[in-house]
Amino acid sequence: MTTQIQIDDVTVDVTRKDIRHIYLKLHFPTGRVRVSAPVRMGEDAIRSFVLDRIAWIRRRQQKFLERGHVPDPSFGSGRIFVWGEAYRLIVVEGPGRPAVRQETGQLLLKVKPGAGKAEQRTVLEGWYRRQLQQKVPPLLEAWQVTMGVWISQWAVKKMRTRWGTCNPAARRIWLSLELAKRSPRCLEFIVVHELAHLLERRHNARFRAIMDSYLPQWRQCKAELAAMPLVPD
């Protein structure tokens, strides 16, 4: 039987087995902590065992994150990202309208009683979409003036392989919903990148020169996005 215990911000899956010793494993690539413990071992002893190794656990999880191997499963590990910061996701069932509330280190997802994972995801994605709808317009307003280009339309879209796209003929850009999970500088980079396609359609030397002139740090932003790639549904 597998149960869960919470130690600070670390969720631990505990499986009791017919074994003599306790073992700890950090699941790759999510950083999930799994403990195999003897059947008769008490919870206090398990907590003490994990606490003795908590510094090592956090170091390993951070290494996974820096290497880009910690996806954002939203509901699988209780760990979720908002504008590049990690939060502990807490699902709360109750009456009233579904909502998301941001608190220090936590993201509270309120849903109707009995809501399944698909419904929870829909509520959360709607909240992410609104986050982008707040942050994108000021960026577009400023950068269109700076770059001397104008779009006719922009929208947020779920995309599996791209952070953004531009249709120069229609002067329309699409931005990935996933950008709400990355740092604000990544969002700005993608906005500038897509606007730059109105000046040069191809990813050639001229395009890179345009990016260098308007956003000299764009390569660092690109590397940051590459370090935490898109995670398919």
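For the range 194-220, enumerate the residues that are in contact with a helix residue (DSSP H, G or I) (Cβ under 7 Å, 6 or more places away or on another chain) and not in a loop (DSSP other than H, G, I, E, B).
Result: LEU195, ALA196, PHE207, ILE210, MET211, TYR214, TRP218.
Could you please find all residues in the range 145-176 being part of a helix (DSSP H, G or I) and out of contact with any Leu (no Cβ under 7 Å at 6 or more places or on another chain)?
VAL145, THR146
Filter the range 105-130 down to the residues that are crowded, with 18+ Cβ neighbours inside 10 Å and outside any helix (DSSP H, G or I) and list them by number.
LEU107, LEU109, LYS110, VAL111
Anything in the range 131-152 that is over 26 Å from ALA209 (Cβ atoms) and surrounded by 12 or more Cβ atoms within 10 Å (Cβ to Cβ)? List them, or say none.
Correct list: GLN131, LEU132, GLN133, LYS135.
Bear in mind that the values in this text are calculations on the coordinates, not laboratory data. Note that this is a predicted model, so its numbers are computed, not measured. Methodologically, a virtual Cβ is constructed for each residue, glycine included, from the backbone with ideal geometry; neighbour enumeration extends over all protein chains shown.
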